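The values are calculated or read from the model by the stated rules, or taken from the named source; none is laboratory data. Here the structure is a predicted model, which is why all the values come from computation and not from measurement. All Cβ positions, glycine included, derive from the backbone under ideal geometry; neighbour counts span all protein chains shown.
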Amino acid sequence: MEEVIIRFRTTNGLEQSRVLSVHESALNLDLRNIAEIDLLPLVWCSKLERLSIRYNHLVEIDLSPLSKCVSLEVLHLNHNELVKVDLHPLSDCPHLREVDLRNNHLSSVDISPLFHCSELETLLLDDDVTLTADLLLRSIGSWPDVLVGLFHRILWKSSHM
């Protein structure tokens, strides 16, 4: 398999797609009027370094296929309408350096998975978004610097809640 097809639906209900070589390092789906997207084919894209789906109309997105994108460095999901996002698949992306979630409708984001991303340098979120993290992570010693800078904003939660 040399190519995969990323399928998405626009706010007008049109089904569209983007053909992507499994060897490509970047996928840009900015400004496509996307309301829904299926990222499952990205499990075959282990060389993907940059994923940008900015300025669309996504209310939700399943990031689980990104756990297979072990080369992922940059994830831009800003300027959408996301109300929640599960970042857990990103804990399998050891080279992740930048995540942008600004200008969405997020009220809270669990950033626990990002503690496993030792190369993380940039995490961009709106100021009114509540950051939560697993209380057990509070005692680990090697955090990405960007998370150290956000320490005062994190609401620590017990994993037994």
Per the filter on the stretch 1-40, residues of a type in the set (A, V, I, L, M), assigned to a loop (DSSP other than H, G, I, E, B) and surrounded by fewer than 15 Cβ atoms within 10 Å (Cβ to Cβ) are MET1, LEU14, LEU31
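Yes or no, residue by residue, for (1) polar (S, T, N, Q); (2) within 21 Å of PRO113 (Cα to Cα):
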{"position": "VAL22", "(1), (2)": "no, no"}
{"position": "ASP30", "(1), (2)": "no, no"}
{"position": "ASN33", "(1), (2)": "yes, no"}
{"position": "HIS57", "(1), (2)": "no, no"}
{"position": "VAL70", "(1), (2)": "no, yes"}
{"position": "LEU82", "(1), (2)": "no, yes"}
Please determine whether any residue of the stretch 46-57 is within 11 Å of the chain's Cα centre (by Cα), in a helix (DSSP H, G or I) and not β-branched (Val, Ile, Thr). no
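For the stretch 29-40, give me each residue that is farther than 18 Å from ASN103 by Cα and in contact with a Lys or Arg (Cβ under 8 Å, 6 or more places away or on another chain). Reasoning before the result, please.
Of the residues in the stretch 29-40, the ones farther than 18 Å from ASN103 by Cα are 37-40.
Residues satisfying the conditions are ILE37, ASP38.
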- Task: Answer with yes or no whether LEU75 is touching a strand residue (DSSP E or B) at 6+ places or on another chain (Cβ under 9 Å), part of a strand (DSSP E or B) and either at pLDDT below 95 or surrounded by 21 or more Cβ atoms within 10 Å (Cβ to Cβ) (or both).
- Result: yes
Scanning the stretch 103-119 for residues that are closer than 12 Å to LEU147 by Cα, polar (S, T, N, Q) and in a loop (DSSP other than H, G, I, E, B) gives SER118
Going through (1) out of contact with any strand residue (DSSP E or B) (no Cβ under 8 Å at 6 or more places or on another chain); (2) of a type in the set (A, V, I, L, M, F, W, C); (3) over 26 Å from ALA35 (Cα atoms) one by one, LEU106 fails only at (3)
Subset of the stretch 138-150, residues surrounded by 12 or more Cβ atoms within 10 Å (Cβ to Cβ) and more than 20 Å from the chain's Cα centre (by Cα), comes to ARG138
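Just give me the residues in the stretch 120-153 being touching a residue at least 24 places away in the same chain (Cβ under 8 Å), part of a helix (DSSP H, G or I) and not charged (D, E, K, R), in sequence order.
Of all residues in the stretch 120-153, those touching a residue at least 24 places away in the same chain (Cβ under 8 Å) come to 120-126, 129-135, 137, 140, 142-147, 150.
Pick out the ones that are also part of a helix (DSSP H, G or I) and you get 135, 137, 145-147.
Those that are touching a residue at least 24 places away in the same chain (Cβ under 8 Å), part of a helix (DSSP H, G or I) and not charged (D, E, K, R): LEU135, LEU137, VAL146, LEU147.
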Going through the stretch 43-60 in order, the residues found to be among the charged types (D, E, K, R) and within 17 Å of ASN103 (Cβ to Cβ) are ARG54, GLU60
